[in-house]
Amino acid sequence: MVEKKSGMFVVPGERIGVIEEFIPDRGTYVENGVIYASNVGYLLIDQVSRKVSVHPVTREACVPRVGSIVVGHVVNVQSAMAFIRIIKVGKRFLSGFFTGVLHISDIEEKFTEDIFDAIKLGDLVRAKVISEANRTYHLTTRGERLGVIFALCSKCGGVLKLRGKSKKEGKNLYCEDCGNIESRKIASDYGLGNL
């Protein structure tokens, strides 16, 4: 067997050493006292601590998971749900996209009678992933920092501005261009440019 050295390229299942020789660390697993690589990457051997690890070649795929905070555009709104094209997970923008579903019952803590009063086509929304059931990302905008973070007027396409300080008002956004007043389930930092 070839002696393993730091910097060597390894693949999953490749034998690295034994537990009498090294302490297994990230990117490794042990089976019957033998240490194997668990991912594709470069072998790192710390001679002082006798730890062995595998530094991955690629970063972990950025996908939404339960508990993730995501940002996306509303691409479709129906009577009981909205479909959101996810463009950002946590602090990382995606090169592709995923689609999430926001049900009317997950918009706010209080009862939402009409989904079109809370969210509209084209809105930029921050939401939380609450389920991955049936390979579908189910989202919620319940919470102060969750909800619409940017919206355009549904009449003229102008940017909607926050009207007043209180979110308790039913109609809380207005368009400076045409004077239209609309309501949304807005995030506490609406209009500040925080994605």
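Restricting attention to segment 159-195, the residues being within 28 Å of the chain's Cα centre (by Cα), at pLDDT 80 or above and assigned to a loop (DSSP other than H, G, I, E, B) number 10. Does S105 qualify as being more than 24 Å from L192 (Cβ to Cβ), in contact (Cβ under 8 Å) with a residue 60 or more places away in the chain and polar (S, T, N, Q)? In short, no.
Candidates in segment 26-44 are the residues that are buried (at least 18 other Cβ atoms within 10 Å of the Cβ) and among the hydrophobic types (A, V, I, L, M, F, W, C); of these, the one that is farthest from V11 (Cα to Cα) is I35.
Does segment 49-67 contain at least one residue that is of a type in the set (A, V, I, L, M), within 19 Å of I130 (Cβ to Cβ) and touching a residue at least 24 places away in the same chain (Cβ under 8 Å)? Yes - at least one qualifying residue is present in segment 49-67.
Could you check, for segment 121-134, whether at least one of its residues is β-branched (V, I, T) and modelled with pLDDT under 95? Talk me through it step by step, then tell me what you get.
Start the filter on segment 121-134 by keeping residues that are β-branched (V, I, T), which leaves 125, 129-130.
Still in the running and modelled with pLDDT under 95: none.
No, there is no match, as no residue in segment 121-134 is β-branched (V, I, T) and modelled with pLDDT under 95.
Within segment 172-187, the residues that satisfy the criterion of being surrounded by 13 or more Cβ atoms within 10 Å (Cβ to Cβ) and not acidic (D, E) are N172, L173, Y174, C175, N180, I181, S183, R184, K185, I186, A187. Out of curiosity, is M8 surrounded by 15 or more Cβ atoms within 10 Å (Cβ to Cβ), modelled with pLDDT under 90 and either over 26 Å from the mean Cα position of the chain (by Cα) or under 30 Å from K128 (Cα atoms) (or both)? In short, yes. Those strands (runs of 3 or more DSSP E) of segment 109-158 in which 1 or more residues are under 15 Å from T99 (Cβ atoms) occupy 124-131, 137-140.
Scanning segment 88-112 for residues that are more than 16 Å from T140 (Cα to Cα) and surrounded by fewer than 17 Cβ atoms within 10 Å (Cβ to Cβ), we see that the one that is modelled with the lowest pLDDT is S95.
Does V77 satisfy the condition of being surrounded by 13 or more Cβ atoms within 10 Å (Cβ to Cβ), touching a residue at least 40 places away in the same chain (Cβ under 8 Å) and among the hydrophobic types (A, V, I, L, M, F, W, C)? Here the answer is yes, as V77 does meet what is asked.
The values are calculated or read from the model by the stated rules, or taken from the named source; none is laboratory data. Since the structure is predicted, the reported quantities are computational estimates derived from the model, not experimental observations. Here the Cβ is made from the backbone with ideal geometry for all residues, glycine too, and neighbour counts use every protein chain on show.
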